[in-house]
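K.L.:
Could you have a look at this structure, given as structure tokens, before my questions?
The values are calculated or read from the model by the stated rules, or taken from the named source; none is laboratory data. What you see is a predicted model; the values in this text were computed from it and never measured. Every residue, glycine among them, receives a Cβ derived from its backbone with ideal geometry; neighbour counts consider all protein chains shown.
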Amino acid sequence: MSHRILRSPDHRRMPWKNGRGETIEVAVHPEGAGLADFGWRVSMAGVTKDGDFSVFSGIDRTLAVLTGAGIALQVQGQGLHRLTPRSEPLAFPADVPSAARLIDGPITDLNVMTRRGAFRHRLAAPDASPAPSPAPDWRLWLATDHATLEFAGETLALAPHDAVLCDGPEAALPLTPAPDLWLVEIFRA
């Protein structure tokens, strides 16, 4: 595989690990992996009430707010963080207690998780400039609205919450920021 479109209706829906909501899994590695054995995972969740985050042993996580007013996220050892659709994504260990309080109603979040010691990741907002770094092993673009992505000489049309996943040499192609497209980069550790 070099690149493929992951259509929103095909994303896997599953209950949160703590059973308090539903996750929409956009991509996981290895493909078909469960919550206990994934190497990396990109998902979205609708948060409708205050509460604790699920704990994932040995996992690093980055969270961004896609829609809604935002959340106040208390992460043990890191203090209180206010996340809104305009704030930078927040990286924190997924194996420490964390609790969210909604700022003003429900939100949708974007969640990237990697198994510590095996993979690492970077999550960038649509208007962020690419960070200088080694070429990733995978790149995933997630559309928050209807969008097009010019990639490898091809124009890809995306609906809201569709994604494009690239691996191999295509994951290393140069890119520019694109409106309405979040960028996830995954690296082997």
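K.L.:
Just to confirm my filter: which strands (runs of 3 or more DSSP E) fall fully inside segment 1-112 and include at least 1 residues that are free of Cβ contacts under 8 Å to residues at least 60 places away in the same chain and outside the structural domain of CYS166 (by TED's automatic domain parsing)? Show your work before the answer.
P.N.:
On the way: elements: 3-6, 12-15, 22-29, 40-47, 59-67, 71-75, 79-83, 90-93, 98-102.
Strands (runs of 3 or more DSSP E) meeting the threshold: 12-15, 22-29, 59-67, 71-75, 79-83, 90-93, 98-102.
K.L.:
Does SER98 satisfy the criteria of being surrounded by 16 or more Cβ atoms within 10 Å (Cβ to Cβ) and of a type in the set (Gly, Ala, Ser)? Working first, answer last.
P.N.:
Details: surrounded by 16 or more Cβ atoms within 10 Å (Cβ to Cβ): yes; of a type in the set (Gly, Ala, Ser): yes.
Criteria met by SER98.
K.L.:
Looking only at segment 34-47, decide whether some residue is under 17 Å from the mean Cα position of the chain (by Cα), under 30 Å from PRO169 (Cβ atoms) and acidic (Asp, Glu).
P.N.:
Start the filter on segment 34-47 by keeping residues that are under 17 Å from the mean Cα position of the chain (by Cα), which leaves 34-35, 38-47.
Still in the running and under 30 Å from PRO169 (Cβ atoms): 34, 38-44.
Retained after the next criterion (residues that are acidic (Asp, Glu)): none.
No - not one qualifying residue is present in segment 34-47.
K.L.:
Within segment 114-124, can one find any residue that is in contact with a Leu (Cβ under 6 Å, 6 or more places away or on another chain) and closer than 26 Å to GLY168 by Cα?
P.N.:
Quick first cut of segment 114-124, residues in contact with a Leu (Cβ under 6 Å, 6 or more places away or on another chain) only: 124.
Filter once more, so that each one left must be closer than 26 Å to GLY168 by Cα: 124.
Taking every residue of segment 114-124 in turn, at least one turns out to be in contact with a Leu (Cβ under 6 Å, 6 or more places away or on another chain) and closer than 26 Å to GLY168 by Cα.
K.L.:
What is the residue count in segment 150-170 for residues that are among the hydrophobic types (A, V, I, L, M, F, W, C), modelled with pLDDT under 90 and either buried (at least 20 other Cβ atoms within 10 Å of the Cβ) or at positive phi (or both)?
P.N.:
Within segment 150-170, the first condition is being among the hydrophobic types (A, V, I, L, M, F, W, C), and the residues that meet it are 151-152, 156-159, 163-166.
Among the residues that remain, those that are also modelled with pLDDT under 90 are: 151-152, 156.
If we keep only those that are either buried (at least 20 other Cβ atoms within 10 Å of the Cβ) or at positive phi (or both) too, we end up with 152.
Total meeting the criteria: 1.
K.L.:
For GLY51, are the conditions met, namely being over 15 Å from the mean Cα position of the chain (by Cα) and modelled with pLDDT under 95? Step through it out loud before you land on a result.
P.N.:
On the way: over 15 Å from the mean Cα position of the chain (by Cα): yes; modelled with pLDDT under 95: yes.
Yes; evaluated as a whole, the condition is true for this residue.
K.L.:
Tell me the residue from ALA131, ALA125, ALA99, ALA147 that is within 26 Å of GLY51 (Cα to Cα) and at pLDDT below 95, please. Let's see the steps before the verdict.
P.N.:
On the way: ALA131 fails: within 26 Å of GLY51 (Cα to Cα); ALA99 fails: at pLDDT below 95; ALA147 fails: within 26 Å of GLY51 (Cα to Cα).
Going through ALA131, ALA125, ALA99, ALA147 in turn, the sole match is ALA125.
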